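Since the structure comes first, as structure tokens, the remarks are kept for the end.
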Amino acid sequence: MGHTIGTQSIEFDTSVYVLGAGSVVGKKEGEGPLGKYFDKVGPEDGLFGCASWEEAESTLQKDALTIAMEKSGIEKEKLRLIYAGDLLAQTIASSFGIMGFHRPVYGLYGACATMGEALSLASMAVAGGYGEYVGAVTSSHFCSAEKEFRFPLAYGSQRPLSATWTVTGSGACILGTRKSRARITGITTGKIVDFGLKDSYNMGACMAPAASSTIEANLRDFGRKPEDYDRIITGDLGEIGQKILFDLLKKQGIDIEGQHMDCGIEIFDNETQDTHAGGSGCGCSAATFASYILPKVEKGEWKRVLFIPTGALLSKVSYNEGKSVPGIAQAVVVEHC
């Protein structure tokens, strides 16, 4: 089981282990700095042999979860629950991607913070004894996201320098009670934080206040300092959001610059790939965690990390009605064992 700690966190008394992880990305992501770490890299057209972008994104989830199960050494029939989410309306990428597994599913939406949400809920399920094996998977696709939230690709709209590039990718993890080399020891559930920003092309600025709030809550609840973590890893703030995060935390007397890493900055090389502020999307933090972060924890290179996917909670409806873009960040503590 586990117990609540502080005002927003849970510390697990029962060990929750990460048994295996899978990552599948598009060609652009495969050409980036983390390219050699991904399990599977897709073709040039980004369709993964499918007829539509949405179908391709579903395939990303299916493949990532399949790889995670293979690495965990379990059959799909042993999965008690799957927590899955994406960016599309009614989470259709997850619905069609996970449908073929014929396992109990909870569909999630936490914007780009969804992998943090999925891992948090999956951890609670395992710790509570509600499943020996539980899956967590999220995805995003550049083309499906542009179609959903912005403009058709053929329109050729100009992207400001503050914009991030939605990652075509998926990351999946299998959690369970069987001992492995990495375990989730706690979580901090984020609050919805709204600074009134309305620029959907500056997601980093919209999400940074939520990241600051959750990091501060985690350190307070667990009685820790930034140096108690080898890395404090945000989801996809990008270069602009990272600077804002540092400023916000320093006003609270917290300096994380020595430990901080951002998946959106790591996954692309802006100098050669023209991704402006960095990467974003549900698949950004998920694929980076599954391919790069988790193996470092498993090897003991990092003994304890704070993984904090960040999300901008907007839709095309709220944006077109002039609403602001609130943010949320979900934190997961992962330790070597």
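The values are calculated or read from the model by the stated rules, or taken from the named source; none is laboratory data. Treat the numbers as computed from the prediction; the structure is a model and nothing was measured. All Cβ positions, even for glycine, are placed from backbone atoms using ideal geometry, and neighbour counts span all protein chains on display.
For D262, state whether it is of a type in the set (D, E), buried (at least 24 other Cβ atoms within 10 Å of the Cβ) and not assigned by TED's automatic domain parsing to the domain that holds K36. Answer is yes for this residue. Just one of the listed residues (I240, I254, I328, I267) is in the same structural domain as R220 (by TED's automatic domain parsing), over 22 Å from D228 (Cα atoms) and surrounded by fewer than 24 Cβ atoms within 10 Å (Cβ to Cβ), and it is I240. In the range 1-117, counting only helices (runs of 4 or more DSSP H) that sit wholly within it, the ones holding 1 or more residues that are in contact with a His (Cβ under 8 Å, 6 or more places away or on another chain) and at pLDDT 95 or above span 53-72.
Within 22 Å of A136 (Cβ to Cβ) and touching a Pro at 6+ places or on another chain (Cβ under 9 Å): does that describe A290? Answer is no for this residue. So in the range 62-106, with the set limited to residues that are basic (K, R) and under 19 Å from E117 (Cβ atoms), which one is surrounded by the most Cβ atoms within 10 Å (Cβ to Cβ)? By that ranking, first place goes to R103. Among the residues of the range 178-232, those identified as touching a Pro at 6+ places or on another chain (Cβ under 8 Å) and assigned to a helix (DSSP H, G or I) are C206, A210, L219.
Residues in the range 55-106 that are touching a helix residue (DSSP H, G or I) at 6+ places or on another chain (Cβ under 9 Å), under 28 Å from K179 (Cα atoms) and either without any contact (Cβ under 8 Å) to a residue 24 or more places away in the chain or among the basic types (K, R) (or both): K62, E75, K76, K78, R80, R103.
As for the range 181-202, it holds at least one residue that is surrounded by fewer than 19 Cβ atoms within 10 Å (Cβ to Cβ), on the phi > 0 side of the Ramachandran plot and touching a residue at least 60 places away in the same chain (Cβ under 8 Å).
Rundown of residues vs (1) modelled with pLDDT of 95 or more; (2) more than 21 Å from C112 (Cβ to Cβ); (3) of a type in the set (F, W, Y); (4) more than 18 Å from the chain's Cα centre (by Cα), yes/no style:
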{"position": "P209", "(1), (2), (3), (4)": "yes, no, no, no"}
{"position": "E227", "(1), (2), (3), (4)": "yes, yes, no, yes"}
{"position": "D274", "(1), (2), (3), (4)": "no, no, no, yes"}
{"position": "C282", "(1), (2), (3), (4)": "no, no, no, no"}
{"position": "Y292", "(1), (2), (3), (4)": "yes, no, yes, no"}
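If you go through the range 248-283 and keep only what is farther than 12 Å from L237 by Cα, of a type in the set (D, E) and in a helix (DSSP H, G or I), you end up with just E271. The strands (runs of 3 or more DSSP E) found wholly in the range 298-337 and carrying at least 3 residues that are modelled with pLDDT of 95 or more and touching a Leu at 6+ places or on another chain (Cβ under 8 Å) occupy 331-336.
All conditions in (1) touching a strand residue (DSSP E or B) at 6+ places or on another chain (Cβ under 7 Å); (2) under 14 Å from A93 (Cβ atoms); (3) among the hydrophobic types (A, V, I, L, M, F, W, C); (4) surrounded by fewer than 22 Cβ atoms within 10 Å (Cβ to Cβ) hold for F48, with the sole exception of (1).
Is the range 11-22 home to any residue that is within 20 Å of V333 (Cα to Cα), among the polar types (S, T, N, Q) and either crowded, with 22+ Cβ neighbours inside 10 Å or more than 18 Å from the chain's Cα centre (by Cα) (or both)?
yes
Would you mention how many residues in the range 229-241 are modelled with pLDDT of 95 or more and in contact with a helix residue (DSSP H, G or I) (Cβ under 7 Å, 6 or more places away or on another chain)? Adding up the residues that qualify gives 3. What about T166, is it modelled with pLDDT of 95 or more and of a type outside the set (K, R)? Taking the combined requirement at face value, the residue does not satisfy it.
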